[in-house]
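The values are calculated or read from the model by the stated rules, or taken from the named source; none is laboratory data. Since we're looking at a predicted model, the values are computed, not measured. Positions of Cβ are generated from backbone atoms using ideal geometry, with glycine treated the same way; all protein chains shown enter the neighbour counts. These accessible areas exclude ligands, DNA and RNA; they are computed on the full protein's heavy atoms, side chains included. Shrake-Rupley method; radii C 1.70, N 1.55, O 1.52, S 1.80 Å.
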Amino acid sequence: QVQLVESGGGLVQAGGSLRLTCAASGTLNRVNAMAWYRQAPGKQRELVATATSGGSTNYADSVKGRFTISRDNAKTTVYLQMNSLKPEDTAVYYCTAKQGITTYWGQGTQVTVSS
């Protein structure tokens, strides 16, 4: 079992920055990828960024060049640095951890970008 707790969301003006943090605990030895998803009201959940245990990262086209995903050396925490935020980035952001065929989800943190 893996438990995930997100923090760092909030209200920010367009053009501003936020850093989301996801702290993982539990049985982490076989977690092979962590990711951030987001879901805006009335929209489908969207994959924002992924970081594998091998160090590779991938981003949605909508956030490339603005968002950066990173993991600490112990691989127990994953971050999402969000710069140049836009109103369309407003959503609940979820952290996930993939372990084998199981994906664990955090409870989400709200990010609101005002214009």
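Odds and ends about this structure:
- Close Cβ contacts (under 7 Å, 6 or more residues apart or on different chains) running from residues in region 1-13 that are in contact (Cβ under 8 Å) with a residue 60 or more places away in the chain to residues that are open to solvent by less than 60 Å² (accessible area, probe 1.4 Å) and not in a strand (DSSP E or B) comprise Val2/Leu28; Leu4/Gly106; Val5/Gly106; Glu6/Gly106; Glu6/Gly108; Val12/Leu85.
- Failed condition for Ile101, given (1) of a type outside the set (Ser, Thr, Tyr); (2) within 18 Å of Ala14 (Cβ to Cβ); (3) open to solvent by 60 Å² or more (accessible area, probe 1.4 Å): (2)
- Cβ-Cβ contacts under 8 Å between residues 6 or more apart (or on different chains), taken from a first residue in region 65-83 that is touching a residue at least 60 places away in the same chain (Cβ under 8 Å) and more than 14 Å from Ser17 (Cβ to Cβ) to a second residue that is of a type in the set (S, T, N, Q) and surrounded by fewer than 20 Cβ atoms within 10 Å (Cβ to Cβ), are absent.
- Only a single criterion out of (1) assigned to a strand (DSSP E or B); (2) free of Cβ contacts under 8 Å to residues at least 24 places away in the same chain is not satisfied by Val48, namely (2).
- Filter result (under 18 Å from Gly108 (Cβ atoms), assigned to a loop (DSSP other than H, G, I, E, B) and either polar (S, T, N, Q) or open to solvent by less than 60 Å² (accessible area, probe 1.4 Å) (or both)) within region 1-44: Gly8, Gly9, Ala40, Gln44
- Tyr59 being over 23 Å from Ser114 (Cβ atoms) and either open to solvent by less than 50 Å² (accessible area, probe 1.4 Å) or at pLDDT 95 or above (or both): yes
- Region 87-115 residues that are touching a residue at least 12 places away in the same chain (Cβ under 8 Å), paired with ones that are in a helix (DSSP H, G or I) and open to solvent by less than 10 Å² (accessible area, probe 1.4 Å) (beta carbon under 7 Å, 6 or more apart): Val111/Asp89; Val113/Asp89
- Of the residues Gly106, Gly54, Gly100, the single one that is at positive phi and either modelled with pLDDT of 95 or more or in contact with a strand residue (DSSP E or B) (Cβ under 9 Å, 6 or more places away or on another chain) (or both) is Gly100.
- Filter pass, Asp72 being open to solvent by 20 Å² or more (accessible area, probe 1.4 Å), within 15 Å of the chain's Cα centre (by Cα) and not small (Gly, Ala, Ser): yes
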